[in-house]
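Enquirer: I'd like to ask you about the structure that follows.
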Amino acid sequence: APRIDYASFVPVAQDAADRAAAALRTAVQELEASPVDFSALDEAVQKAEALRAEDYTAASWDAFLPKLQTAQQALLAIDGSTQQTTVDAALQAFRQAQEALVKRADPTALQAAIDQAEALRKGEYTTPSWDAMQQKLAAARAAADDPNATQAQVDLAARELSAAIEALVRGMPDDGAM
């Protein structure tokens, strides 16, 4: 047994020592009486394991995946010494990461606008209106190709391209040159 140096102890009043001992006994009893509940973390991880990467933007999925792996490892590491606060902190961090996931945009309306614009012929419209539509078409293609585009960005690109198509002015391409 290790040797204790009693000379280094600071004397305390008996009532203070009794209160400290009682508080320690209470804390130990609470630890023994309340087992660690990891069911919420386990349930959250199980639900997350059913998520599909293709449903979310690449950037948000890449940020989420390590948090999922950390939560899975935390579940595997739970043993008799694990405290509820540790499990609760892991659950909170995991939920924050999951809430940060961004759904991949549905590009259906945007693709329809792009297809409509690509079917048009330059020679049927004035140069300024055609050029304006081409700028919106380029922006729409960029939004369609962006794996991290949000639904709001995709919807905006679709609306702007559709508006540019509607704003096309029929006429000779060189109308403005006269």
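The values are calculated or read from the model by the stated rules, or taken from the named source; none is laboratory data. The structure presented is a predicted model; accordingly, all values stated were derived computationally and were not measured. Here the Cβ positions follow ideal geometry from the backbone for every residue, glycine too, while neighbour counts run over all protein chains shown. Ligands, DNA and RNA are stripped out before the accessible areas are found, and what is left, the full protein with its side chains, is counted by its heavy atoms. Shrake-Rupley method; radii C 1.70, N 1.55, O 1.52, S 1.80 Å.
Enquirer: Check the stretch 86-98 and report whether any residue there is out of contact with any Phe, Trp or Tyr (no Cβ under 8 Å at 6 or more places or on another chain), closer than 18 Å to Ala167 by Cβ and aromatic (Phe, Trp, Tyr).
Expert: Looking only at the stretch 86-98, we keep the residues that are out of contact with any Phe, Trp or Tyr (no Cβ under 8 Å at 6 or more places or on another chain), and these are 86, 88-96.
From the residues that got through so far, the ones that are closer than 18 Å to Ala167 by Cβ too are none.
Among the residues of the stretch 86-98, not one is out of contact with any Phe, Trp or Tyr (no Cβ under 8 Å at 6 or more places or on another chain), closer than 18 Å to Ala167 by Cβ and aromatic (Phe, Trp, Tyr), which makes the answer no.
Enquirer: Has the stretch 66-73 got any residue that is at pLDDT below 75 and either in contact with a helix residue (DSSP H, G or I) (Cβ under 6 Å, 6 or more places away or on another chain) or farther than 30 Å from Asp145 by Cα (or both)?
Expert: No.
Enquirer: Would you mind finding the one in Asp88, Asp115, Asp79, Asp62 that is without any contact (Cβ under 8 Å) to a residue 60 or more places away in the chain, outside any helix (DSSP H, G or I), out of contact with any Leu (no Cβ under 8 Å at 6 or more places or on another chain) and not aliphatic (A, V, I, L, M)?
Expert: Going through Asp88, Asp115, Asp79, Asp62 in turn, the sole match is Asp79.
Enquirer: Checking the condition modelled with pLDDT of 95 or more, closer than 30 Å to Leu65 by Cα, open to solvent by less than 50 Å² (accessible area, probe 1.4 Å) and out of contact with any Gly (no Cβ under 6 Å at 6 or more places or on another chain), which residue from Ala144, Ala90 passes?
Expert: Every option except Ala144 fails the conditions.
Enquirer: Return the residues of the stretch 45-65 that are more than 22 Å from Ala149 (Cα to Cα) and either touching a Gly at 6+ places or on another chain (Cβ under 6 Å) or of a type in the set (Lys, Arg) (or both); say none if nothing qualifies.
Expert: Lys47
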